[in-house]
Every structure is written in C-alpha cells, then in structure tokens.
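Okay, so here's the structure we're looking at.
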Amino acid sequence: MQPGCDGWMPKGGWQEFSSAESLQRPSGPAAEPTAKAQQLVRVQPTRGGKGGKTVTVIRGLEMDAAGFKALLKKLKTRIGSGGTAKDGVIELQGNQVDLALELLSKEGYRPKRAGG
C-alpha cells in the first residue's frame, strides 16, 4: 500500500535523521592546521562602517581563539594602538598596515597588502 492513499502510514518508516547516531559527526583524524607560511593573510586599511575612521583589517589567519588573543596583544603592544579580534578578523585602530606587515612577517606568516 502507498503511504498517504487512505491515511495509512507505515510504522517505523525510513527517516534519515531519526537517531542520535546519525546526527554525530564522523570521528576521524583531526584536520591539521595550516602552517603559518602557507596561510593567505591579507592586511588592508579600510574606513567602511567605522564613522570615517581608518582601521587596519587582518584576514585569513587560521588559529583558535587563544591564538587570536595572543597575536592581537602582540600587535597592539608593538603598534601602540587599540584593536579587537572578532569572527576570525583582527581590526587595529588607525592605518597600521606597514607595522602589521612587519610584525606578521616576523611571526612566520606571509602577509600581503590588500586594497588601498
């Protein structure tokens, strides 16, 4: 009998996501983090949405939250300005592109200037 023809529905029919086991991610070897020298790190000055103030945006860093905090602290200390790290992006106050490029190079990254 076809399900739905006369209101009859098979009991225990096929459901793709019916059990807790089907919702589990496969457990395999953890993905290796990309080496610092192989990451595409872009450093760009921007004003968009910042009330006319220039900020330096650093994108493309692949690290955990603790790594972001440590790198942000080094950048802020070296540059002498404020900044924040959110959503995998570091923002530094002011046009600090040259200093950020220099520090990232010393840390082992291969940063490139992007945009203006």
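We did not get these values from a lab; they are worked out from the coordinates using the rules stated. These figures come from a predicted structure and were not determined experimentally.
Points to keep in mind about this one:
- Phi-derived couplings, Karplus 6.51 cos²θ - 1.76 cosθ + 1.60 at θ = phi - 60°, listed residue by residue for segment 88-95: x, 10, 9, 10, 10, 6, x, 8 Hz, with x used for Gly and Pro.
- Taking each residue as 0.36 nm, the span from residue 44 to residue 74 lengthens on full extension beyond its C-alpha to C-alpha distance by 9.0 nm.
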